[in-house]
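Written out below as structure tokens is the structure these notes cover.
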Amino acid sequence: MTGYTSRISGFYRGTVDERLDALTEHAGVAGELRSFFAGGGGLSLEAADRMSENVIGVHGLPLGVALNFLVNGVEHVVPMAIEEASVVAAASNAARMVRESGGFHGHATAAIMTGQVQFDGAPDTDGAAARVMAHRDAILGLGDASIPRMVERGFGCRDLDVRVLDAAEGVVVVHVYVDVGDAMGANMVDTVAEAIAPALHELIGGLIGLRILSNLPSRRRVSVRCDVSDSALGGTAVADGVARASRFASLDPYRACTHNKGFMNGLDAAAVALGQDWRSIEAGAHAWAATGGGYRPLSTWKRIPGGLRGEAELPLAVGTVGGSTRAHAGVRAAFELLRVRDARQLAVVLASVGLASNLAALRALAGEGIQRGHMRLHHRKAEECAESEAGTWAK
Ligand code: MEV
């Protein structure tokens, strides 16, 4: 293998075998890893049967790789599982343009997940917050006691918050914030919420309701940005068009929804390949887009001298340990290919893929429109003819 790089020219032109050869050379895909990719996804029927219920088989999706990703100065070959044509090529193409201006830059907060404990019919909602906060440390300690192995590793319960949702009906919800490290963390947070509920009940009264994580982990956020030059995009008119498209999304929820769908296209595809809970990712992203009143775009593109700056921020609960990262050999292989150190780096890479997908879509929409290139790609796929450089909306 030469040095690991995501910049592999002519990759799309090869056969599947030739692409795997190229990954062997540039991204260390060899031996067992190669057979997982080529051999149907790395999920045996036995493993599938252990993962879910009433299993009768294994569902397949095309697995591709997005190239050209440089994120915080680090190369990443990004595995993507998706049935929609163009998404992988589009993300790769946008990442190539962004790379010319230094790639993507981002930051993820610590992995602070939110658990909720609900109370109904609480007698004194006015005093609830003060009573709970007076016992804050003891309650966090009870939570920590329910996840001792995480606490040993330096993670655990961090904070509480008390919210009165309906004073007349005595509806109070307590948020518990848990640092789940490199896990997605749902099970851990549910365990903590259940563990602290009886103590909270003594302080709040009423009826204990739900004890479950929130899929809007607003304290576990990732932010990414990138610059792209007018010339890389194909001229000032295209760059102006992308900025105008971004403004459209910020003015109109009907457009913002589609804008966000385009952003999530790439993020979800990578999340699926990497065995993440994409339902929770989707729920969190759209709920975040809707906080603060209206429904907003997850990303914006603004003019800067000579180009555009793209920025995005969203909550992202993704993990590098637990769940199918352990149970699914194909997911383990996808992680070996991607090379992320921890869950925070994974979040930054995934959000960068979202920004790349979003840029590619807006560039196509602001230019020749989506249909021409899209249909060309569909025809290409159908006829298995050679792809031309200028051929798809992905380009
Ligand atoms: C199609 O999957 C995604 C787009 O509709 C996104 C967008 O309109 O920005 C092209």
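Selection within the stretch 252-261: residues that are near the ligand (Cβ under 10 Å from one of its atoms) and open to solvent by 10 Å² or more (accessible area, probe 1.4 Å). The member of this set that is farthest from the chain's Cα centre (by Cα) is ARG255. The set of residues from the stretch 239-251 being open to solvent by less than 60 Å² (accessible area, probe 1.4 Å), out of contact with any helix residue (DSSP H, G or I) (no Cβ under 6 Å at 6 or more places or on another chain) and of a type in the set (A, V, I, L, M, F, W, C) comprises just one member, ALA243. Restricting the stretch 103-153 to residues that are in a loop (DSSP other than H, G, I, E, B) and over 30 Å from GLU313 (Cα atoms) leaves a set whose member that is nearest to the chain's Cα centre (by Cα) is HIS135.
Conditions tested, residue by residue: (1) among the hydroxyl-bearing types (Ser, Thr, Tyr); (2) modelled with pLDDT under 95; (3) open to solvent by 50 Å² or more (accessible area, probe 1.4 Å); (4) touching a His at 6+ places or on another chain (Cβ under 9 Å).
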position: GLY319; (1), (2), (3), (4): no, no, no, no
position: LEU350; (1), (2), (3), (4): no, no, no, no
position: SER357; (1), (2), (3), (4): yes, no, no, no
position: ARG363; (1), (2), (3), (4): no, no, yes, no
position: GLY367; (1), (2), (3), (4): no, yes, no, no
position: ALA382; (1), (2), (3), (4): no, yes, yes, no
position: TRP393; (1), (2), (3), (4): no, yes, no, yes
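Just one of (1) crowded, with 24+ Cβ neighbours inside 10 Å; (2) of a type outside the set (Lys, Arg); (3) part of a helix (DSSP H, G or I); (4) within 16 Å of the ligand (Cβ to nearest atom) fails for LEU308. It is (3).
Check whether at least one residue in the stretch 84-96 is free of Cβ contacts under 8 Å to residues at least 24 places away in the same chain and at negative phi, and report yes or no. No, the stretch 84-96 contains no residue that is free of Cβ contacts under 8 Å to residues at least 24 places away in the same chain and at negative phi. Checked against (1) assigned to a loop (DSSP other than H, G, I, E, B); (2) among the β-branched types (Val, Ile, Thr); (3) surrounded by 15 or more Cβ atoms within 10 Å (Cβ to Cβ), THR24 meets all criteria but (1). Out of ALA273, ALA249, ALA245, one residue alone is away from the ligand (no atom under 16 Å from the Cβ) and of a type outside the set (Asp, Glu). It is ALA273.
Would you confirm whether any residue within the stretch 76-84 is away from the ligand (no atom under 16 Å from the Cβ) and either exposed (fewer than 15 other Cβ atoms within 10 Å of the Cβ) or more than 19 Å from ASN358 (Cβ to Cβ) (or both)? There is at least one residue in the stretch 76-84 that is away from the ligand (no atom under 16 Å from the Cβ) and either exposed (fewer than 15 other Cβ atoms within 10 Å of the Cβ) or more than 19 Å from ASN358 (Cβ to Cβ) (or both).
The values are calculated or read from the model by the stated rules, or taken from the named source; none is laboratory data. Keep in mind that this is a model prediction, so the values were computed, not measured. Because the Cβ atoms are built from the backbone with ideal geometry, glycine has one as well, and the counts that use them run over all protein chains shown. The area values use the complete protein model at the heavy-atom level, side chains included, leaving out ligands, DNA and RNA. Shrake-Rupley method; radii C 1.70, N 1.55, O 1.52, S 1.80 Å.
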